[in-house]
Structures are given as C-alpha cells and as structure tokens.
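Structure record follows, encoded as structure tokens.
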Amino acid sequence: MHTLPDPAAAASMLNDLLARHGTRQDRLLPLLHALQDAIGHVPPASVETIAHHFNLSRAEVHGVITFYHDFRSEAPAPCTVQVCRAEACQSMGGERLLAHAQQALGCGLHGRSADGRYALEPVYCLGLCASAPALTVNQAVFARVTPARFDALLAAQSMEAV
C-alpha cells in the first residue's frame, strides 16, 4: 500500500522522475511505471505536465495510460482482489466465486467497496488452471478458492490491516 504524498510533494516527485527519464518519447512508459510505483497511480493532474515534457498531446498520454490495464488514474484501494476470469477458472467455479466476491465486497468488477477498503478487479489467467478457481489478494496468489475460503482470506486481510 502506498502513502499518498501531498500535491506539492507529488509534483516534486514527478519533476524528479521527468528529469531522470529524459525527453525521448520512448521513455514515456518507463516514466509512467516509475510514477505509479512511487505513488500508486498516475494522477490525472500530471498528464498535462507529462505531455508537455515529451512534446505529446494530453490525448496521446491519456491514451497510453488508458490502453495499458496496469495503469491506474486514481489511488489504489488498500486491498485489491483480482478474480481470474480465464476459461479454466470459469469452468471450475469461477463464476460462483466472482458472484460471491461481488456480494461480499458490495461492488462489481472494476469497483470498490462502499468503505473504499477493497477493489475488485478481473485478471485473465494466473497460470493455475489445474488448481482453479484462482484469485489474488494484494498480489498474493491463491488457488482452489471456494466462497468459504474467500471469506477466510478476506477476514485474514482485515486482521492484517488492524
């Protein structure tokens, strides 16, 4: 989980990253990754500065950010749950698991729980097809997840946050 800097600190961090990455347009992706690694997302307010630095339009930078599913334009939730949506997981109970996760978290895919603590995201294959269905909780991978095991994982995550 990232601690979000205040706007002045975020702007300073962005300027430092821009200086380190140079102005060649092929450095845009590495810069976006570095910015997201540093603060957890690519703030929409940074797009204009980034575009100007690389001599691109805001639309071009926004297009790159929205094209790649790994980039976020808002701060991440403290806990992100990713449910595998690949065929093997779907055929082994993934649909039931997803429905349970949506009900337990009170949100749909690409959504957040009402308290903002959990984000629910799809992922398309975790490589555990023989142990389906699978999911991640804050990038920790779990296989053969049932609704009951999901509840236990969520309870354990809640205990870690205390």
Of the numbered conditions (1) surrounded by 16 or more Cβ atoms within 10 Å (Cβ to Cβ); (2) at pLDDT 95 or above; (3) over 30 Å from Leu17 (Cβ atoms); (4) not charged (D, E, K, R), His53 satisfies every one except a single condition; which is it?
(3)
Looking only at the stretch 123-152, how many residues end up being surrounded by 13 or more Cβ atoms within 10 Å (Cβ to Cβ), at pLDDT below 95 and out of contact with any Cys (no Cβ under 8 Å at 6 or more places or on another chain)?
0
Residues of the stretch 27-56 that turn out to be among the β-branched types (Val, Ile, Thr) and closer than 15 Å to Phe67 by Cα, as a count:
2
Going through the stretch 2-27 one residue at a time, which ones are crowded, with 16+ Cβ neighbours inside 10 Å, at pLDDT 90 or above and either charged (D, E, K, R) or closer than 26 Å to Asn138 by Cα (or both)?
Met13, Leu14, Leu17, Arg27
Does the stretch 136-162 hold any residues that are out of contact with any helix residue (DSSP H, G or I) (no Cβ under 7 Å at 6 or more places or on another chain) and in a strand (DSSP E or B), and which are they?
Thr136, Ala140, Val141
One residue from Ala45, Ala59, Ala75 being modelled with pLDDT of 95 or more and among the small types (Gly, Ala, Ser)
Ala59
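The values are calculated or read from the model by the stated rules, or taken from the named source; none is laboratory data. Note that this is a predicted model, so its numbers are computed, not measured. Quick reminder, even Gly has a Cβ in these numbers, built from the backbone with ideal geometry, and neighbours come from all protein chains shown.
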